[in-house]
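Coordinate-derived values only; no laboratory data. The structure displayed is predicted, hence computed values, not measured ones. Because the Cβ atoms are built from the backbone with ideal geometry, glycine has one as well, and the counts that use them run over all protein chains shown.
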């Protein structure tokens with residue numbers, strides 16, 4: 001039986017753990033012992049890889065959701081038309097308004113965070 005390299009095992013292990021598998025299930029998927037999984041989880045390099053792997057997954061999911069955003073907005077606009085029942089129109093209108101508020105809040109946080117980062121960078125060079 002061909003041996004898989006550590007990198008391949010780590011990829012399987014990272015995927016399993018990032019998707020929420022227990023140590024036991026992740027060990028089975030990677031064909032290693034649970035003790036090895038616990039040991040890998042104590043390794044700072046592996047933990048950094050895990051964080052990066054999870055961040056990459058979130059970015060891919062976010063990209064997919066952003067791609068679907070236009071269609072979702074069009075659907076809400078259709079549901080707001082007079083041809084739909086009032087409860088459907090109300091729900092769509094609430095969703096649109098909630099989305100606008102959340103986007104605005106996020107933009108505000110992003111601006112404030114950028115300002116704080118600039119201030120910290122300026123203070124650290126002074």
Query raised in the report: Taking a label point 7 Å from the Cα of residue 55 along the Cα→Cβ vector, which residues of the range 107-121 have an amide N closer than 12 Å to it?
Result: none
Query - 0 to 90° range, to nearest 10: angle between helix 44-79 axis and the chain longest Cα axis - result: 20 degrees
Report task. Sort the following peptides by mean Cβ neighbour count (other Cβ atoms within 10 Å, averaged over residues), highest first: 119-126, 103-110, 21-28. Result -> 21-28, 103-110, 119-126
Query raised in the report: Which of the peptides 95-102, 9-16 is most tightly packed, and how do the rest follow, judged by the mean count of other Cβ atoms within 10 Å per residue?
Result: 9-16, 95-102
Report summary line: Taking the convex hull of the alpha-carbon atoms of the range 20-126 and averaging its shadow over every direction gives an area in square nanometres of 11.6 nm²
Requested in this report: Consider a paramagnetic label point 7 Å from the Cα of residue 41 along Cα→Cβ; state which residues of the range 5-33 have an amide N under 17 Å from it.
Outcome: 10-33
Report summary line: Note to self, the chain gives a 222 nm [θ] from helices alone (DSSP H runs n ≥ 4, -39500 (n - 2.57) apiece, / all residues, nearest 500) of -29000 deg cm²/dmol
Report task. Diagonalise the Cα gyration tensor of the range 80-126 and give the resulting equivalent ellipsoid semi-axes, square root of 5 times each eigenvalue, largest first, whole Å. Result -> 43, 6, 4
Query raised in the report: In whole angstrom, how far apart do the alpha carbon centroids of the range 1-69 and the range 80-126 sit?
Result: 32 Å
